[in-house]
Structures are given as structure tokens and as C-alpha cells.
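**Student:** Below are the C-alpha cells for one structure; questions will follow.
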2 protein chains.
Amino acid sequence: MGLRSCLGVLMCLTSLIPCTSPAGFFQLPSPWGWTCENGRSVKKDAGGMENLVTLNTCKLTCGPYGMLWPRPREVMLGKTVATFLPDKVSPIVTCGAMKETCAMVDEALVIFQDNLQRYHPDYGTRDKATLWQDSYNPHTVTHTLQVDVTVSGGERDLNLNTDESYELSVSTKEGVTLAIIIADNFFGARHALETLSQLVEYHESEGSLMIVTSAKIKDVPAFRYRGLLLDTARNFMSVETIERTLDAMAASKLNTLHLHLTDSHSFPLYLPSLPNLAYYGAYDSRKFYTPETLRHLQKYARVRGVRLMPEIDAPAHVGNGFQWGPKEGLGNLTVCANQEPWQEFCVEPPCGQFNLANPHVYNVLGQIYRELVDIFNPMDIYHYGGDEVNLNCWNTTDEIVQWMMNNNFGLTENSYYEQWGVFQEKARQLLANATLAKARPEPLGLIWTSHLTEQGRNERYLDPNKYVIQIWTTKQDPVIKQLLEQGYRVIFSNHDAWYLDCGFGAWVGEGNNWCSPYKGWQLIYDNSPHEIATQLTGNPQTQSILGGEVAMWSEQTDDASLDAKLWPRSAALGERLWSNPTTGWYDAEPRFVHHRQRLVSRGINADRIQPEWCHQNEGHCYL
Amino acid sequence: MGLRSCLGVLMCLTSLIPCTSPAGFFQLPSPWGWTCENGRSVKKDAGGMENLVTLNTCKLTCGPYGMLWPRPREVMLGKTVATFLPDKVSPIVTCGAMKETCAMVDEALVIFQDNLQRYHPDYGTRDKATLWQDSYNPHTVTHTLQVDVTVSGGERDLNLNTDESYELSVSTKEGVTLAIIIADNFFGARHALETLSQLVEYHESEGSLMIVTSAKIKDVPAFRYRGLLLDTARNFMSVETIERTLDAMAASKLNTLHLHLTDSHSFPLYLPSLPNLAYYGAYDSRKFYTPETLRHLQKYARVRGVRLMPEIDAPAHVGNGFQWGPKEGLGNLTVCANQEPWQEFCVEPPCGQFNLANPHVYNVLGQIYRELVDIFNPMDIYHYGGDEVNLNCWNTTDEIVQWMMNNNFGLTENSYYEQWGVFQEKARQLLANATLAKARPEPLGLIWTSHLTEQGRNERYLDPNKYVIQIWTTKQDPVIKQLLEQGYRVIFSNHDAWYLDCGFGAWVGEGNNWCSPYKGWQLIYDNSPHEIATQLTGNPQTQSILGGEVAMWSEQTDDASLDAKLWPRSAALGERLWSNPTTGWYDAEPRFVHHRQRLVSRGINADRIQPEWCHQNEGHCYL
């Protein structure tokens, strides 16, 4: 077989003998080309056709949204492309005297340019400096991309009131494509750069990048909270894995990484004033986060338009990490920790709940909060956890029963809920004190639906001005209607659509896990909070529904498999919450499949949802 | 926070302030240790205990099988370990004048030593030369591992008669651990090296390797065919991905990689005498295998104890790649290719079947076979495919109907099955001619269960001496009993247990895919061909059942997610077919979970099946 090198992309291929690309890949030419018909890219034999284009070219310019994901609110795209190289990108940033904003835009531009580099199919096999030099056609690739970014406000941190809107216009003349980005603040500008990067693709026959020559986009998200929960306690997640997750969230315009940091299984958080928590609670000598690590991640997230929200689940879902004192006659900090048979004391092994009879619990929790407030600064939102308290645990623990009786609290179900409510109020005050010490207002609290959030109890313990309820039951649960009618703000994570851990094999016993089956991207995409609310209450509840979140509980994933479980499915949530489409998954499919390819180009091991044939033959993989 | 470096592993940690390892990781000490109780590793607080050991130490020496996967036929393991460094391994190979065997053993020893290196938790973050130098305790790690390998026979290629047995003994005295390996041929010796590598682990507190100080193992597989099907046609798999798959197969003692190379979706195979197949059939300019690529993979596989078995599915599951001539009045090589509505002509898009009315089909197929026989040399086994022929496709295609009538074949169902049978017999003869030209016997043919393999038809078309039937229906299917009673040899791939693509979202339509739910490792492990045969026929059919195979159809996976879908589940098949245990998954769980960690250390992105807490607290994650 000939081992000729490919001069330019496939330019040498006058016969059907493969040549080798600069990175050492064999390459073959192809007889196929594409044309846009009725908004779909259609594959044709180039032998019999004029005016065919490459697959990527067709995808960028066919249909109202090209390959944008999530689709913008208002968009008009041109039908032609211009080729350019990633080193021919010249940015101009207008950010006034807002030094930090200017620096963040500069950093976002570096990420933008790296994302463009990554469209090259050989990215990662050669150094960036030489990646393109042998592959492009110097006769046709002569264009420049100028990016003008204007940011008018200096908002440094993303919060629930941040204006994430932006405007982006693209026009082309005389060898220059000009992209103009206008945003109220850094976060809108960042989203605009993400959108701009999605008007770009690799040009398969020119060996260069290409960009849509004209575009007019006005964009704003439908929901202000677009979250992804990552559980770092059932299995630990490395910093690199969290960074990859943030990269993919940025690509899909999700804006909140909810870190379920700790659970009864492990406490992977090194707090300098409470080193015993990690000493006893980390899975091994390396599996913990330091404050520096978390601060690094917070900065990494921010420049990608994402806020971190920590959760130290309490008063249940605690255990390992709390084995140390103070015990002076007060019992352990937790009860039922690792207790057997676990089925009697919790929902999954290992069990564990805070020991309400030991007042040191509040000293420790207060100190944890002070450390958290110091790390996640400014903390405008915090998740208390608050799910799955097992009354039988408390009610079968001598020291708790004794304490309940000694204080005349009673031993009924309601007595325990009352004390849970008291715990929650104390926790809230501890956190409020911790932020007050930093001269910051009390964070808005998130809390999972539970028996405490039911009508009849929530009025007593959970002030709707201070708490947002995260719904994790099913979309039929009448509690949704109750909460909305009581005036609570809510975030949807109904497990029948948005739990990403469902559908794998059981990890206790055999068969499949509890929330099987697997939630396909179509189900995730079509799970519309406004529609659910309308069905339950007759009203879309646009003011009360802050947004939604997919949950990646990590009993059955870690660094090795996380990407494929999160992606591309979480991107389906991205479009649901950013665009809130009235159309269903079927219309989104070609863009979604292409976005998955984009995630892979960015280093994410996203799952494949269809044969590549479907990607090349849009609309033919249907039932 | 202190950024002191860790001298030795955690030796500096007199306080609870993290130090940084040579590779830059923060590390904390741990209060935990383990002890072996009733064959289980039990976690204890080291504060109150003497004689605790590290988790890996405990796992290596606790229970009858240590952490061996699959478990050997006969095994006795010592209860202590000796620490050593990977550069203190000295091999002695006795292989007579069998030059190729000697070279293969040398290569297997290189792989063995690399696998030992990979046990270091920082593997991949530093170069191998410096990986260990700062981490081990020089006062206690002074041992040498001597590996004596004696191979008596020169068998070069794995086939269904290869003796894969081996003996391995390990003993320790005076600072040397001696491992003696005796095998009939290279393949047994390779398995012994794999087993030996599983008597080794990273010692968490010494920063070195450790090996069980004594062992006596006699081992032989229960089944001679232990397969894994990889589909490279629905989505393409890179060479690196296939190499990783082979690495993990080697670690799990699977011995046959069944390459479902082509399908109606794509033809990713560049054959120099038929370049049009890849020109029309490859997904893009890079997604094809050359003969050199496949020869490389064959060698890569062989030294890992794995044989490659190609399948060019026919006469259905063909289409893309065959669009070129010869058409002179004879129609295309395939019919129904990409035809719509696909539901009428095939089981999934895109459709396509060979055009039986065009005799050029046999010229092309014969040429494909000649090329395959040249690449996969020696070819002692070949998979014809032969599944899911859609009669409606042929019976609605004018040229086929015309041809059937012109030749007086009739147009009944049976007429078409008859012609399918004729096709199969011609295909077999073409392959036999191709091997005959190389002075090799006709390969044993594998074929999927179908209407052609049903009693009443199979007697006419499928000689039990020439064909092995691969069962892909359910374990209840009466066809299994029929085939066994007819004297066919069979390979099990019943989809209700051994199809790894099941349980994800649908890729046509919505909901979940056709063979949902997901097959957990427990189901895979407990799927015993001998038990199934006994239930159906009253006899375990040990002679007729050659083995089994997991199938990874690739509609919904590619390079990015393959590992997590294949592994560790395919390793459950490894133990089922190597050890054929009479005990169920529950007894195997701690070893299985540890083997998963081993796969990850070897660079495989294997899925996590449990919280790490379960790995550290054996037997506590139960239902």
C-alpha cells in the first residue's frame, strides 16, 4: 500500500489509494457531498451533482438554527461560509475600566480560541503550533475573523439576578468576517462567544476552519437556574473530571454546578480548622478537596459562566468523617453510622444521621459553614440537603430517645419532624451568621422535597422567602402543586426524567437500580417544568419556577465513566432551560447529535446516541 | 495550607496537614486499617488495633482466591506479602529453539512489567523512570521478583484446540520471590503471567509493589471460546480503542475478539483490490482499516492471548459501500439499500441485502474473502453473519422477483429461504477456495441463529461439521434444545443476558432501546450455558457448547463511551467462561469490584458499579 503523504487535505488523492495525513492517519477521498433540502442536510453522490458541500458546511448553514445548541431566542443565519485559520482570529475588547471584567473576557477569548483549535480532527495528536500547517489549502484559506466584544457592566459573580442576555452579529466583507458581541456583563459576553464558536466548524475538504458569513442573534435564557448535580461522596471525582464537566456545561449554557460534596459514605473535604473530617472521611490519602482546589474550581467555573453551589447534606446523609469526638458523655456526632441491617435505618448503605442530642453537632456544623462561606465567596445560594431523614434511626437510638423524653419533646412521628425542623432552623441561622461575619446577606437556601417540605410542616419550618424547594419526586407528585400554590419558588429535578444514574444494574442485590429505566435524552428534553406546572395548577408558574437540574448521583460512576453518563444528556437539559422550546426532541435531534460531536471535540467522552449514519442522513432514523 | 512534600508515602504526616506527593497531589494520612475475618476484608480504626494492614494487602491475602479474576481451577495462596519495585523483576525464559515463541514470551513479559508499573496511583502523571523513586520506603522495600517461564511447545496461533492451561508456583526466601511458570505453549504462559500480575498490587503505605509470598496454582479454562463482539460498522472504532479492548480482554482471559466489521451502515475496510468498498462505505476519510492496521491488531491480540475473528455479515446487513458497479444490466450489488420506509425492509435503518440476481455479488464476495484470508492468516474460524434476512426486501424488488420467476424458484417464503441457503453454500465454497489457495483447510464457520438455522432448514444448508451456531435469542428459546439435539456445536450470546447495548435510550423514536433493560454484571455472571442446556435438554452439553460471547452492537457507542459499556461487565463473562463457577455473583463481588479497579489502572475507562465504600467494606452492600 502506498504511504504517500496527503498534501493539503486529500489533494493528492487522484486514485483510491489511502495517503497519510501529517499526523500519520491514513485518509481516503469520498464520493459524497451534501445539500440542504427543506431544512435537512441530505447526502448525495457527488459524481452526479454540482454544488454539493461538505457535511459540516451543510450543517452550519441548513435550517433556522444551524448547529447552535441551545438554540437562541432570535436568530437569522446566512447560507454561506468563509474559511479561516485559528491563528487568524483578532479580538478587540471594550470593557472600560473594569479590570476584572476585562481579564475575564480575555480569558474567555483564550478558551474560545482553544475551542476553535479543537475542531481539527487531529487535535491532541500534534502540538497546536503545527496542527494546521500542513492540512489547509493555502490558495483558498485567506480569511480573518475579527471579534469585537463590548461589555457595559462589571458584574463579577453569577447570581440568580444576573442578566445573561447578549447580542451577536456576524458580517463578512473583503476577506474579514466581523463578529460583534454586545452584553450587559461578562456572563452574557461569554455566552455570545460560545454561540460564536458554534457558528464555526472544521472544513473537511479545505483543511481549515469555516464560519457562517452572516448572523444576527439576540439571546436570553428562559430559566435563570440551569443546574447539574455532581455527587462527589458516593464516589470521588478528580479535579480534572470536574473541570471537564464545567467545560461541557459551558458548551451547553448550563450555569450552576451543584456539588453534593459529602454524604454518609465519605467526607472528601479538607477543612483546615476541622482536619479530622477528611482524615476519617476521605476514601484514601488522595481523595479530598482542599480550599485551594475548590477556589480554583470556582474561578475555572466562573469564566465559563458557571457558579458552584455547595451542599453538605444534613441532618441525614452524614456518617463517615464524623467518627472523631467530641464525645464527652454526649455520644458521637452521628448516630446509626454504618449501622446494620441498613434497610432499617436508611435508604442505602451506609446509614448515618446527625445526633440531635449532642449540641457539639451545631458547633461543628457552624464551623463547616464558616469554612464554606470563606471558600465559596460570595455565597448567594446554598443547598442544605435535608432529604431522606429516617425516623426509625433516631427513634431506635437510646441517647436520642432519652433526650427527646428528657426535654418532653415526645416520641411521635411529629415530635421527630419538629426536632428536624428545629435542626433546620438552627442550621439556617448558623449559615446566616457565617455570611453576616463577612458582611454578606444570608444565602438563599435550597432544600430537597421531603416530609419536612410537605404542607402542614413547611409553613412552620421553611420561610418561602428564605428557601427554594428542589423537587426530586415524579412530575405527577401533587406536592408540586401544593408548593407552588403556597408560594414557594422551586427547581425541578423530578427523577422520572432528570436523574442520570437510573437504569444501570443494581448495586445492592441484582436486577436494575431503583429508578430504572435509563432516562433517554428525548425524555430529558421534553420534560418541561412550565408544562408540568400548567397540568397541575393550570398556570405555567413562570415566576415561581427558577429552573431545573439533572442529578448525577455517583453510586455507579466516577472519573472513568462520568462523562458518558452526563453527556450529551445534560445538554438536552441545556436547551430545555435556555430555549424552553415549544417543539419536541424530534426537531432538535440533528443539532443535538452534532452538539455531541462538539463535546467530544472538547475532550468530553460523551456517549454516542445513534449510528454515525444517522448524523450523515438527517431525519432517516425515526420510528 | 502547608505544601510540604511527602517524603516516602505519608511519612511526613505527623499532623493532619496535607503534604504534596512527588506528582503534585495533596495527600492525607488515614486512621483506617484492614483485617481478614471469615474471608472478608474488614475495615477498622487503626487507633485501637494492632496488626492491621492496608486495604490492598488485605485483599491480596484474604479469601481463597485473593483478588484473582477469573478465579483459577486450583489455587492455594499465602497470607503474607513481600514488597518490591517494578525494576526489580528478573525474568528467565526457557523456550528451546522456538524463536517466535521466545519472542512472544519476551513481549508478554514487557506487557507484564508495564502492568505492574500501572499499579502506581500516579502512573501516567510522571515518566516511568521516576515514577517510584520518591514514593517508596527504602528501608523496607528491598525484595526481588524472579520470574521463570518454561514453555514446552511452539504453538504460534490460538485456535479452538489450543491448550491454554498453565501452572504457576510462587515461593519466597532470602529476599527473593520466585515465580515458576510452566505451560504447554505461549498462550498458557501468557495466562500465567496475567495471573501472576494479579498476585501483585500497590502497597499504599510502603509506596512500592507487593506480591503474595507463596502460591500454588493449576489452571485451565472451562470453555475454549470466550468471546467479545465489537461492531465497527454502526459506529467506527479507532485502532487505539480496539487495542484498549484487547488489553482488557487479556486482563480477563477472554480469548476471541469477534469483529463485526461491516454492516448496512458502513464498510470501514480498505481492501486494495476493492478500494471502492471503503471509498463509498467509510463514514469519512479516516474511518477505515487497512490490511496493515488489521495485521497490527492481530499481532497485538495474539501476544495478549486473543484471536481475531472477522465477520462480513451477509446476505443481509449490507448496503453502504456497495453503491458502485458492476451494474451492466444486472442491477446493483445490493437491493433495498437505504430504502424507505425502512420498517418494511429491515430491522433498523439503513436497510440493504445482497442482490441474489446479480452474479457479480459472488465475484465481489469471493474477492473480499481472498483479501480476508490474506489478512487474518491463518484463518481457522470465520463468522458468516447470516442474520435477519428480510424476505419482504427481496420479494418487493422487481429484479429479484423476476429472477426467481425466470429460474422457476417460486415466490413462496420457502423459495426465498432456499435461495438464501444456496447463497450461504456458495459463500462457504468461496471461503473454502480462498483458504485452499493458501494450502489451508476450510475455516470453521460461525453463523447467527435465524430462520435458516431452524430445524427443517438447517439440515439442508448447514453441515454441523462445518458450522457452529451462535445463539442470540433468549435462554428460553426452544431452538437451543433443537440445535443441541441435532448435534450442532453452539456459542451462547443470548441477548437477555449478554447483549451489552441494551437498556439505553431509544435511537429510533423515544423511550428505551429494543432489548431493555440494561444487563447488569450479576446477570451476565449467572448466565450459565451448561445450566441453560441442562434445563432445556437434561444434559449440560459440555462437548457441544464451545463457549459464549458478549455482544457490543455499536449503534449507541463509539471511542468515547465504549470502555464503560464493555467493562467491567465483559469481565463477568470472563469468569463465567474460564472458571464456570457453581457459586453465583454474590460470592464473586469483592474480587469483581477489585478487578474493575485493575482495569482502570490499565487505562480502561471501566464503569464503576458501586460506591467506593462497598469496596472498602466488603459484604455490606447487599439487599
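**Student:** Might you work out the accessible area of A:Thr396 for me, using a 1.4 Å probe with all protein chains in place, and round it to the nearest 10 Å²?
**Tutor:** For A:Thr396, solvent-accessible area is about 70 Å².
**Student:** Something else: How many nm is it between the label spots at B:Arg156 and B:Ser169, if each spot is 7 Å from the Cα in line with the beta carbon?
**Tutor:** 3.3
**Student:** Same structure again: Counting only other chains, what is the mean number of Cβ atoms within 10 angstrom of the Cβ of each residue in peptide A:254-267? Present the calculation step by step, with values, prior to reporting the outcome.
**Tutor:** Details: counts 0, 0, 0, 0, 0, 0, 0, 0, 0, 2, 2, 6, 4, 0.
Averaged over the peptide's residues, the number is 1.
**Student:** What FRET efficiency comes out for the pair A:Arg440/B:Leu623, r = Cβ-Cβ distance, R0 = 35 Å, nearest 0.05?
**Tutor:** E between A:Arg440 and B:Leu623, to the nearest 0.05, is 0.15.
**Student:** Between B:Leu483, B:Tyr166, B:Ile211, whose Cα lies farthest towards the positive end of the dipole of chain B when Lys and Arg beta carbons carry +1 and Asp and Glu beta carbons carry -1, centred on the Cα centre?
**Tutor:** Comparing the listed Cα positions along the dipole, B:Ile211 ranks first.
**Student:** Can you give me the P(r) profile for the protein assembly as shown? Cα pairs, bins 10 angstrom wide beginning at 0, each as a whole percent.
**Tutor:** 2, 9, 17, 21, 21, 17, 10, 4, 1, 0
**Student:** Given Cβ point charges of +1 (Lys, Arg) and -1 (Asp, Glu) and nothing else, what value in debye, to the nearest 20, does the dipole of the range A:2-219 about its Cα centre take?
**Tutor:** Result for the range A:2-219 is approximately 600 debye, rounded to the nearest 20.
**Student:** Next question, about the same structure. Based on Cβ point charges of +1 for Lys and Arg and -1 for Asp and Glu, what charge dipole magnitude is obtained for the protein assembly as shown about its Cα centre, in debye rounded to the nearest 20?
**Tutor:** 1460
**Student:** How large is the Kirkwood hydrodynamic radius of the range A:509-623, in angstrom, based on all distinct alpha carbon pairs? Each step should come with its number before you reach the end.
**Tutor:** Numbers: mean 1/r = 0.0631 Å⁻¹.
Evaluated over the range A:509-623, this radius sits at 15.9 Å.
**Student:** For the range A:231-297, what percent of Cα pairs sit more than 16 Å apart?
**Tutor:** Percent of Cα pairs beyond 16 Å in the range A:231-297: 47.
**Student:** Here is a further query. Could you point to the residue in A:Gly503, B:Tyr225, A:Cys346 farthest towards the positive end of the protein assembly as shown's charge dipole, with +1 and -1 charges on the Cβ of Lys/Arg and Asp/Glu respectively?
**Tutor:** Final value for the positive-end residue is B:Tyr225.
**Student:** Can you list, shortest first and in nm, the gaps between the label point of A:Asp87 and those of its counterparts in the other copies, using a point 7 Å from Cα in the C-beta direction?
**Tutor:** When each copy's label point is compared with this one, the spacings are 3.9 nm.
**Student:** Inter-copy label distances at B:Val422, 7 Å along the Cα→beta-carbon direction, one decimal in nm, shortest first?
**Tutor:** Relative to the other copies, B:Val422 has label-point distances of 9.0 nm.
**Student:** Per DSSP H run of at least 4 residues, take -39500 (n - 2.57); add these up for chain B, divide by its residues and hand me the 222 nm value, nearest 500 deg cm²/dmol.
**Tutor:** That comes out to -9000 deg cm²/dmol.
**Student:** Which entries in the list B:Lys59/B:Lys253; B:Lys44/B:Lys79; A:Lys519/B:Lys44; A:Lys128/B:Lys565; B:Lys59/B:Lys128; A:Lys565/B:Lys287 go over 30 Å, if you measure between the two C-alpha atoms of each?
**Tutor:** A:Lys519/B:Lys44; A:Lys128/B:Lys565
**Student:** Enumerate the whole-percent occupancy of each 5 Å bin, from 0 to the last occupied one, for all C-alpha pair distances of the range A:394-476.
**Tutor:** 3, 13, 20, 19, 17, 14, 10, 4, 0
**Student:** Using the basic label-point model (7 angstrom from Cα toward the beta carbon), what is the A:Arg295 to B:Ser273 distance in nanometres?
**Tutor:** That separation, rounded to one decimal, is 7.0 nm.
**Student:** Can I ask one more? I'd like the FRET efficiency for B:Gln486 and B:Gln367, computed as 1/(1 + (r/R0)^6) with the beta carbon distance as r and R0 of 30 Å, rounded to 0.05.
**Tutor:** That gives a FRET efficiency of 0.35.
**Student:** Cα-Cα pairs above 41 Å in chain A: how many percent?
**Tutor:** Of all Cα-Cα distances in chain A, 30 percent exceed 41 Å.
**Student:** Also, I was wondering about something else. What residues qualify as long-range amide H neighbours of B:Arg234, i.e. H under 5 Å apart, gap of 5 or more or another chain, H built at 1.01 Å from N?
**Tutor:** When sequence neighbours closer than 5 places are left aside, the close amide H contacts are B:Ser554.
**Student:** Moving to a separate point now. Got a number for carbon plus sulfur as a percent of the protein assembly as shown's accessible area, 1.4 Å probe?
**Tutor:** Carbon and sulfur atoms account for 50 percent of the accessible area of the protein assembly as shown.
**Student:** Would you mind working out the accessible area per residue for the range A:2-219, using a 1.4 Å probe, and quoting it in Å²?
**Tutor:** 42
**Student:** Something else about it: So if I restrict to the alpha-carbon atoms in the range B:225-589, what is the Rg, and what is Dmax, the biggest pairwise distance, in Å?
**Tutor:** Both quantities, over Cα of the range B:225-589: 19.8, 64 Å.
**Student:** Here's another thing I want to ask about it. When you count, for each residue, the other Cβ atoms within 10 Å and take the mean per peptide, how do B:243-252, B:428-437, A:288-297, A:407-416 rank with the highest first?
**Tutor:** B:243-252, A:288-297, B:428-437, A:407-416
**Student:** First select every other residue whose beta carbon is under 12 angstrom from the beta carbon of A:Glu194; then total the charges, Lys and Arg +1, Asp and Glu -1.
**Tutor:** +2
**Student:** Right, here's the next one. Report, in whole Å, the centroid distance computed from the Cα atoms of the range B:269-289 and the range A:113-146.
**Tutor:** The range B:269-289 and the range A:113-146 have Cα centres separated by 26 Å.
**Student:** How large is the direction-averaged shadow of the alpha-carbon convex hull of the range B:253-363, in nm²?
**Tutor:** For the range B:253-363, the mean projected area of the Cα convex hull comes to 8.1 nm².
**Student:** With just the Cα atoms defining each centre, how far is the range B:479-550 from the range A:68-96? Give it in Å.
**Tutor:** 52
**Student:** Dipole magnitude of the range B:36-77 about its Cα centre, charges +1 at Lys/Arg Cβ and -1 at Asp/Glu Cβ only, in debye to the nearest 20? Show your work: numbers first, answer last.
**Tutor:** Working: 6 positive and 4 negative charges, 42 e Å.
So the magnitude is around 200 debye.
**Student:** Roughly how crowded by other chains is peptide A:597-607, in terms of the mean Cβ count from those chains within 10 Å of each of its Cβ atoms?
**Tutor:** Whole-number average of other-chain Cβ neighbours for A:597-607 is 3.
**Student:** Using a label point 7 angstrom from Cα along Cα-to-C-beta, what distances in nm, from shortest up, separate B:Asn51 from the other copies?
**Tutor:** Result for B:Asn51, in nm, nearest copy first: 8.7.
**Student:** Over all residues in B:514-520, what is the mean tally of Cβ atoms on other chains that come within 10 Å of each residue's Cβ?
**Tutor:** 5
**Student:** Here is a further query. Any idea what % of Cα-Cα pairs in the range B:337-439 are farther than 19 Å?
**Tutor:** 50
**Student:** So what is the diffusion coefficient of the range A:2-219 in µm² per second by Stokes-Einstein at 4 °C and 1.567 mPa s, using a Kirkwood Rh over Cα pairs?
**Tutor:** 70
**Student:** Same structure, new question: Which whole-angstrom value gives the distance between the alpha carbon centres of the range B:366-404 and the range A:579-623?
**Tutor:** The two parts, judged by their Cα centres, are 32 Å apart.
**Student:** Say the dipole of the range B:430-545 comes from +1 at the beta carbon of Lys and Arg and -1 at that of Asp and Glu; which of B:Ser516, B:His451, B:Gly538 then lies farthest toward its positive end?
**Tutor:** Looking along the dipole axis, the top candidate is B:His451.
**Student:** Another question, if that's okay. Am I reading the A/B interface right? What is its buried accessible area, both sides, 1.4 Å probe, to the nearest 100 Å²?
**Tutor:** Details: alone 24610 and 24560 Å², together 41910 Å².
Buried area (both sides, nearest 100 Å²): 7300 Å².
**Student:** Here's something else I'd like to know. How would A:Arg226, B:Arg304 rank on accessible area, largest to smallest, probe 1.4 Å?
**Tutor:** On the way: A:Arg226 0, B:Arg304 30 Å².
From most accessible down to least: B:Arg304, A:Arg226.
The values are calculated or read from the model by the stated rules, or taken from the named source; none is laboratory data. Only a predicted model underlies this, so the values are computations on that prediction, with no experimental measurement involved. Cβ: placed from backbone, ideal geometry, glycine included. Neighbour counts: every protein chain shown. Quick note on the areas: whole protein, heavy atoms, side chains included, nothing else; ligands and nucleic acids left out. Shrake-Rupley method; radii C 1.70, N 1.55, O 1.52, S 1.80 Å.
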